[in-house]
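**Student:** If you scroll down you'll find the structure; I have some questions about it.
The values are calculated or read from the model by the stated rules, or taken from the named source; none is laboratory data. Here the structure is a predicted model, which is why all the values come from computation and not from measurement. Glycine gets a Cβ as well: all are built from the backbone with ideal geometry, and neighbour counts include every protein chain shown. The area values use the complete protein model at the heavy-atom level, side chains included, leaving out ligands, DNA and RNA. Shrake-Rupley method; radii C 1.70, N 1.55, O 1.52, S 1.80 Å.
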Amino acid sequence: LAYNESEFSSLVIDSALDPTVQVDLEGNRVPVTSEWTFNGAGEYRKDFGNNLQGYVRGDVSYRSSIFESIENLDLFSIDGYWLANARLGVAAPDGNWDVSLFARNLTDEDYLVFNNTLGFGITQIAGSPREYGLELRKTF
């Protein structure tokens with residue numbers, strides 16, 4: 001768990017929406033900084049003999065809302081979101097190989113990772129949707 005209080009103590013700039021207007025940014029949050037973040041994970045492993053070890057793993061993360069503009073415009077903000085991932089697998093106890101089923105973004109959360117302008121309108125980039133699959137790993 002982390003808390004980040006970052007704001008401008010003194011800054012005056014020309015407005016991005018109207019360059020003839022000056023904007024005092026004192027007290028605005030620094031762009032692209034979440035006030036709160038959280039990461040947690042847990043894993044359970046069990047030896048099955050015959051050089052087999054089973055495991056289950058889960059992790060969650062949270063990021064509070066952010067502004068992507070220095071002016072803290074709602075138009076260029078990203079809502080906070082939670083993500084959860086899981087993995088179920090079998091591996092060699094020495095880590096030489098691993099076979100697992102995985103799922104990322106288990107709840108299929110809709111979220112943005114970018115919401116700003118690239119000089120020609122608003123650009124929004126969505127985060128990855130739910131993904132799942134089979135992963136095979138071998139160490140050489």
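**Student:** Which one of these does Gly49 not meet: (1) at positive phi; (2) within 18 Å of the chain's Cα centre (by Cα)?
**Tutor:** Among (1) at positive phi; (2) within 18 Å of the chain's Cα centre (by Cα), Gly49 violates only (2).
**Student:** Tell me yes or no: at least one residue of the range 71-79 is touching a Ser or Thr at 6+ places or on another chain (Cβ under 7 Å), among the β-branched types (Val, Ile, Thr) and modelled with pLDDT of 95 or more.
**Tutor:** yes
**Student:** Those residues that are β-branched (Val, Ile, Thr) and crowded, with 16+ Cβ neighbours inside 10 Å, I need them from the range 65-104; list them, please.
**Tutor:** The answer is Ile66, Ile70, Ile78.
**Student:** Please enumerate the residues belonging to the range 108-132 that are closer than 18 Å to Ser64 by Cα, out of contact with any Leu (no Cβ under 8 Å at 6 or more places or on another chain) and exposed (fewer than 13 other Cβ atoms within 10 Å of the Cβ).
**Tutor:** Passing the criteria: Asp108, Asp110, Val113, Ser128.
**Student:** Tyr55 - would you say it is of a type in the set (Phe, Trp, Tyr), open to solvent by 50 Å² or more (accessible area, probe 1.4 Å), at pLDDT 95 or above and part of a strand (DSSP E or B)?
**Tutor:** The answer is no for Tyr55.
**Student:** Within the range 1-45, can you find the residues that are open to solvent by 70 Å² or more (accessible area, probe 1.4 Å), farther than 21 Å from Gly80 by Cβ and in a strand (DSSP E or B)?
**Tutor:** Val12, Asp14, Gln22, Asp24, Glu43, Tyr44, Arg45
**Student:** Now a separate question. What's the total number of residues in the range 124-140 that are over 14 Å from the mean Cα position of the chain (by Cα) and part of a strand (DSSP E or B)?
**Tutor:** Residues flagged as over 14 Å from the mean Cα position of the chain (by Cα) and part of a strand (DSSP E or B) within the range 124-140 amount to 9.
**Student:** Can I ask one more? When residues of the range 109-123 are filtered for being in a strand (DSSP E or B) and over 9 Å from Phe76 (Cα atoms), how many remain? Before the answer, list the steps.
**Tutor:** The initial filter retains those residues of the range 109-123 that are in a strand (DSSP E or B), namely 112-117, 122-123.
In the following step, the residues that additionally are over 9 Å from Phe76 (Cα atoms) were identified as 112-113, 123.
Matching residues across the range 109-123 total 3.
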